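**Student:** Just passing along the structure, written as structure tokens.
The values are calculated or read from the model by the stated rules, or taken from the named source; none is laboratory data. Keep in mind the model is a prediction, meaning the values are calculated, not measured. Ideal geometry is used to build each Cβ from the backbone, glycine not excepted, and the neighbour counts take in all protein chains shown. In case anyone asks, the SASA skips ligands and DNA or RNA and just uses the protein heavy atoms, side chains included. Shrake-Rupley method; radii C 1.70, N 1.55, O 1.52, S 1.80 Å.
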Amino acid sequence: LGGSGVTNTGSSVINNGNVGSAPTSTVTGFPPGVVSNGILYTAADPATTQAHLDLITAYTAAQTAPAGVSGPADLGGATLNPGVYTYASTAPWTAGTLTLDGLGDPNAEWIFQIGSGLTTPAGAIVALIGGASANNVFWQVGSSATLGASNIFAGNILAQTSITLGGGT
């Protein structure tokens, strides 16, 4: 859910999730983007209004989660155990795979507190191992999130402003 818009610029596939924007209901690029096993909300309605209220609650909870540790210097190539990872401004990701290891705990949770922006490079991957679940990964982004082409991304993006998808899953 974007606060002022969701833009898809490639052949993105959203699996098991919904896509929408509220209070500004601007959603573009579907098709060629596809929402599989979810709902594409292209206009304001009671569901997007409630989703926006839920987004504010989730965003605030992620933003105010007890301080964790500074995130790695580059998310690409890192393997992270459950926890809270904090970036004052942007979360650097130059290339490669970010691996999230649930350590055998199906309830393991990751919160990424990102002060301003998240931009992933083309081909970036979020790999889930050790029982990790995409439902328990939260990307709290202070401004906008931009996912590069051919990404395989996992988690819930809670963007203050907007989300741009460059293609991928």
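**Student:** Using DSSP, restrict attention to beta bridges with both residues in the chain and report what percent are antiparallel, rounded to the nearest 5. Write out the running numbers ahead of the final one.
**Tutor:** Details: 0 of 42 bridges.
Here the share of antiparallel DSSP bridges comes out near 0 percent.
**Student:** At a 1.4 Å probe radius, carbon and sulfur cover how many percent of the accessible area of the stretch 1-106? If you can, show how the numbers build up before the last one.
**Tutor:** Details: 3110 of 5380 Å².
Of the solvent-accessible surface of the stretch 1-106, carbon and sulfur hold 58 percent.
**Student:** Give me the percent relative contact order of the stretch 30-147, please, defined on Cα pairs under 8 angstrom at least 6 residues apart.
**Tutor:** Averaging sequence separation for qualifying contacts and normalising by length gives 22 percent for the stretch 30-147.
**Student:** Here is a further query. Roughly how many Å² is the accessible area per residue of the stretch 11-151, as a whole number, for a 1.4 Å probe?
**Tutor:** Ligands and nucleic acids excluded, the figure is 47 Å² per residue.
**Student:** OK, next. For the chain, what is the calculated [θ] at 222 nm in deg cm²/dmol (nearest 500), taking -39500 (n - 2.57) for each run of four or more DSSP H residues and dividing by its residue count? Working shown, then result.
**Tutor:** Numbers: 1 runs with 18 residues, N = 169.
After summing the helix terms and dividing by residue count, I get -3500 deg cm²/dmol.
**Student:** Modelled label-to-label distance, N107 and N18, 7 Å Cα→beta-carbon offset: nm?
**Tutor:** With each label placed 7 Å out from Cα toward Cβ, I get 2.6 nm.
**Student:** Could you sort 41-53, 109-121 so that the peptide with the highest average Cβ count within 10 Å comes first and the rest follow in order? Please list the in-between numbers first.
**Tutor:** On the way: 41-53: 14.5, 109-121: 20.4.
In decreasing order of mean packing, 41-53, 109-121 become 109-121, 41-53.
**Student:** On a 0 to 90° scale, report how tilted helix 46-63 is relative to the longest principal axis of the chain, with both axes built from alpha carbons and the result rounded to the nearest 10.
**Tutor:** Helix 46-63 sits roughly 20 degrees off the main axis of the chain.
**Student:** Once Kirkwood radius over Cα pairs in Å is worked out from the coordinates, which option in (i) 15.8; (ii) 20.1; (iii) 16.8 does it equal?
**Tutor:** (i)
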